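What follows is one structure encoded as structure tokens, with my remarks underneath.
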Amino acid sequence: MNIEKLENTLEAILFASGNPLEISALADALGMQKSEVKKAISALEKKYCDTCGIRLIEFNKKVQLATNPDYAEAVATMLNPIREKELTNSALETVAIIAYQQPVTRLEIEVIRGVNCDYAIQVLLKHGLIEAVGRKEVIGKPILFGTTEAFLKRFQVKSLDELPNYDQLLESIKVLAEKRQGDIQPEDTSLYNEFEIPEQEDSEG
């Protein structure tokens, strides 16, 4: 199978599936080398870029066709009349900490953030960005949380190795905590403005 036919075949499979598919599974099913499939995926990534309405995203050794985030509002208007509100800074801080520290308990998150995280955790669970991955072997056996594949997809990173520097994360949280203590309410401050999440949630009281 030549490269052009392989690209078209992968495009058809991904479109028909609608779900993330493992690169290794695609290679096995098509009887191709994994390197050849990756080359075709790279070509499709270039094809679906810039202003194109479709994007090919790669995460956790899987690939999937998805809509371009630039057109999320138009898609939501058509397909989801009841638009959810944007995730709060609190939820973004919490999911960032979980991503770096996982598996991590609620109490451990609260020690870093300095505030209660019950609501933020419930919001993240609702959106499928985190999940319970076990219990810590200490008194009370608290639940351990970790990120999901949905987290990788939503933040458009192929793996957790692509996340920003952890020291920068802690410094950002420290700054936000100091603002909270001074009764300053940062309306637009976010740890990851480059990782905007379309869905929204009511702000914490």
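The values are calculated or read from the model by the stated rules, or taken from the named source; none is laboratory data. Keep in mind it's a predicted model, so treat the numbers as computed, not measured. Note that we place each Cβ from the backbone using ideal geometry, even for glycine, and neighbour counts take in every protein chain shown. Side chains included, ligands, DNA and RNA excluded: accessible areas come from the protein's heavy atoms. Shrake-Rupley method; radii C 1.70, N 1.55, O 1.52, S 1.80 Å.
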Practice problem: On the protein heavy atoms, probe 1.4 angstrom, tell me the percent of accessible surface of the range 102-146 carried by carbon and sulfur. | Solution: 58 percent
Exercise. Sort the range 37-76 into rounded, prolate or oblate with this rule: let a ≥ b ≥ c be the square roots of the eigenvalues of the Cα gyration tensor; rounded if a/c is under 1.5, and if a/c is not under 1.5, prolate when a/b is larger than b/c, oblate otherwise.
Key: oblate
Quiz item: For the range 8-49, which whole percent of the accessible surface, found with a 1.4 angstrom probe, sits on carbon and sulfur atoms?
Solution: 52 percent
Quiz item: Past the 18 Å Cα-Cα mark, which pairs from 39/158; 61/158; 5/153; 5/39?
Solution: 5/153
Practice problem: Compare the peptides 64-70, 151-157, 49-55, 91-97 by average per-residue count of other Cβ atoms within 10 angstrom and give them in order, highest first. | Solution: 91-97, 151-157, 64-70, 49-55
Exercise. Taking the convex hull of the Cα atoms, report for the range 1-148 its projected area averaged over all directions, in nm².
Key: 11.6 nm²
